[in-house]
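The values are calculated or read from the model by the stated rules, or taken from the named source; none is laboratory data. No experiment lies behind these values; they were computed from the predicted model shown. For neighbour counting, all protein chains shown are included, and Cβ atoms are generated from backbone atoms with ideal geometry for every residue, glycine included.
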Amino acid sequence: MSKTFSIGGIHPNDSKFSKDVSIVDLPVPERVFLPMNQHLGIPAAPVVKKGDTVLVGQVVAEAAGFVSAPIHASVSGTVTDVGLYPDFQGKRVQTVVIETEGDDWLDTIDRTAQVKQEITMVPKDTFQKIQEMGVVGLGGAAFPTYVKLTPIEGMNPEFLIINGSECEPFLTSDYRLMLEHGQELMIGAELMRRVLGTGVTGVIGIEKNKPLAIKAMQKITAGYLQWKVVPLKKRYPQGGEKQLIDAVLGRKVASFALPISTGAIVQNVGTAFAVYEAVQKNKPLVTNVLTVTGSDPKIQYNYRFRIGTPIEDVLKTAGALDAEGNLLPHIAKVVNGGPMMGKAVVNMKAPVVKSTSGLLLLTEKETKRLEPGECIRCAKCFQACPMRLQPYLLYQLALAGRTEELDEYRVFDCIDCGSCLYACPAHLPLLDLIRLAKNTSLKNIRKK
């Protein structure tokens, strides 16, 4: 019997149009832009300067604190600038720019396709390698992976859950990884399990709308005594950390508590693959996989990209731009991520980064919002909310500017999943106002 989380949730159309498209390599870009804030926490500190030459895999920025991660060159060439550049939303961030020359890698990196099955590194060294290689969570938040694997006094991990649900509509990069690189990501998952301790049980959660992935991973986990695959009902937002723990273990993460408080640590399948490459191949996180998709059947791709590749380069290769470099007439908007939690791209020259999972191409009709009506207190947003919040109330408080009251109604428990917005029959911009209110509340808290 399939499992799922116990509170709220919705059932949007999958729209997994690119699920049968194999991963292919994007061309090496002419230049890359490597932002220092590609992870949650303190931005990395550049260790290169203009004029320096670098090889693929070379450190260009060091971790600047405990919750931080190093950044490595994804191309070989010359550093042409270290300065402020706008990200995909237009925010200027410290960035290392590299002009590509050839494709020369550090000779310590194993670039062969052969799967290295045998695990020879002891857990202590594995932990350090994950840290050195700049591996971060690739499920969205980009939290430094080694931090999640760091023991917390009084909290002992019992389960390592690998998130293979990929519940966000349209996106298929994780699905393709499970089909094409299941062995490698399984080894990466086992490496993390050993870091956490031999008594930890490994679980891979995959939604039932991915039967081929379930079958493939069940076959692979048959060779691991400590691992099992748990099929999950199709339900959004199943991939949320708290929702996945509830679905797999039936345990709930309390408000303001860490997931480890339930005895579980969650990592994404992409993170597991990155750990495999870091430990078994000595390869830093310089590539990842993203989906380019939308309703146009001619533009459906799963690309392996170099971190820092400009978004316009990705879209040009996908055939989404005309000869002048503009979006094709039927494409009105590009979203970084999926339709539920993604954000609109306003700067096409900005790069794709470590945690970029997809670029969604939307038509004018698909982006047009319906005229909002009046809230009739139907409670559909409340029923859909996987955190059992009262979105209609948070919306009204935000609308009235009463942000000081939001804490009382657990606004910071909101995971920005958009379920309330999807469920609202009055088409109210619930999530938009709640996000703005959260930011305002956070600023007020910091001022205190």
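Inspection of the range 41-59 finds a residue satisfying the criterion of being surrounded by 14 or more Cβ atoms within 10 Å (Cβ to Cβ), closer than 30 Å to Cys420 by Cα and among the small types (Gly, Ala, Ser).
Residues in the range 129-143 include at least one that is modelled with pLDDT of 95 or more, among the β-branched types (Val, Ile, Thr), outside any loop (DSSP other than H, G, I, E, B) and more than 14 Å from the chain's Cα centre (by Cα). No other residue among Val97, Val24, Val93 is under 30 Å from Pro231 (Cβ atoms), touching a Phe, Trp or Tyr at 6+ places or on another chain (Cβ under 8 Å) and part of a strand (DSSP E or B) apart from Val24. Of all the listed residues (Arg410, Arg388), the sole one being in contact with a Ser or Thr (Cβ under 8 Å, 6 or more places away or on another chain) and surrounded by fewer than 16 Cβ atoms within 10 Å (Cβ to Cβ) is Arg410. Looking at the range 362-373, is at least one residue outside the structural domain of Ser173 (by TED's automatic domain parsing) and in contact with a helix residue (DSSP H, G or I) (Cβ under 8 Å, 6 or more places away or on another chain)? No. Return the pair list, or none, for Cβ contacts closer than 6 Å from residues in the range 19-45 that are without any contact (Cβ under 8 Å) to a residue 60 or more places away in the chain to residues that are outside any loop (DSSP other than H, G, I, E, B) and surrounded by fewer than 19 Cβ atoms within 10 Å (Cβ to Cβ), at least 6 apart or on different chains. Close Cβ pairs satisfying both conditions: Asn37/Val93; Ala45/Glu62.
Could you list, in sequence order, the residues of the range 328-377 that are touching a Phe, Trp or Tyr at 6+ places or on another chain (Cβ under 8 Å), part of a strand (DSSP E or B) and within 16 Å of Pro12 (Cβ to Cβ)? Within the range 328-377, Gly358, Leu360 qualify.
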